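Novice: The structure is given below, and queries will be raised subsequently.
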Amino acid sequence: MKYKYTIISSIGIIIVLAAIGFAVYPLASRQIASRYIAKAGGGCPYQIGLTQVEEIPCVENLGDCEPLVPLCGTLDPARCNLYSEVIGEQAGGMGSMALFQNIALVEAGLTPGGQLIACGMGPTLMDTGVLASAGGCFGCLAKANVWDKIGGVYDYIIASFRSE
């Protein structure tokens, strides 16, 4: 009978410790992930932070990249349709527009009217940089792990975002 109570209390302690571990682990992993992303974004010479973003696709017209938006004019016709210019209100950084590959915008989950932070070599050289929005991250060293996805805190990675 004495052993029965010992086993039950041991199982109870293990369950309590496991519950505490499950509660603490996501918090610790978020802190680590945000540090890695801050390091990734801090190493680029050109950094932007935009709110109320608008995505304008570059269009090829008569063998040239359509100059309706200023940055698209820097592209050759072969790469024109693969890029979009993103403009918005400057919330930080060095500018209010940049040129991104369409695949990067899709992977980052950028939505019209949303927010983004990005870094690269310059406004037309953002291919090798990091782009992050509330919907995800492109080019980041650290991505949300399973615990972050389960907890629904994917946008915690981008520290300056808030729920709307």
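The values are calculated or read from the model by the stated rules, or taken from the named source; none is laboratory data. Nothing here was measured: the structure is a model prediction, and the numbers come from that model. All Cβ positions, even for glycine, are placed from backbone atoms using ideal geometry, and neighbour counts span all protein chains on display.
Novice: Kindly check whether there is at least one residue in region 67-78 that is in contact (Cβ under 8 Å) with a residue 12 or more places away in the chain, among the charged types (D, E, K, R) and surrounded by fewer than 16 Cβ atoms within 10 Å (Cβ to Cβ).
Specialist: Residues of region 67-78 that are in contact (Cβ under 8 Å) with a residue 12 or more places away in the chain, as a first pass: 68-72, 74-75, 77.
Checking which are among the charged types (D, E, K, R) leaves us with none.
Taking every residue of region 67-78 in turn, none turns out to be in contact (Cβ under 8 Å) with a residue 12 or more places away in the chain, among the charged types (D, E, K, R) and surrounded by fewer than 16 Cβ atoms within 10 Å (Cβ to Cβ).
Novice: Pick out, from region 64-164, the strands (runs of 3 or more DSSP E) lying fully within it that include 2 or more residues that are of a type outside the set (F, W, Y) and at pLDDT 85 or above. Let's see the steps before the verdict.
Specialist: Details: elements: 83-93, 97-101, 115-120, 130-133, 136-138.
It comes to 83-93, 97-101, 115-120, 130-133.
Novice: Please work out which residue is farthest from G49 (Cα to Cα), limiting yourself to region 100-115 and to residues that are in contact (Cβ under 8 Å) with a residue 40 or more places away in the chain and crowded, with 22+ Cβ neighbours inside 10 Å.
Specialist: Across region 100-115, the extreme among qualifying residues is L105.
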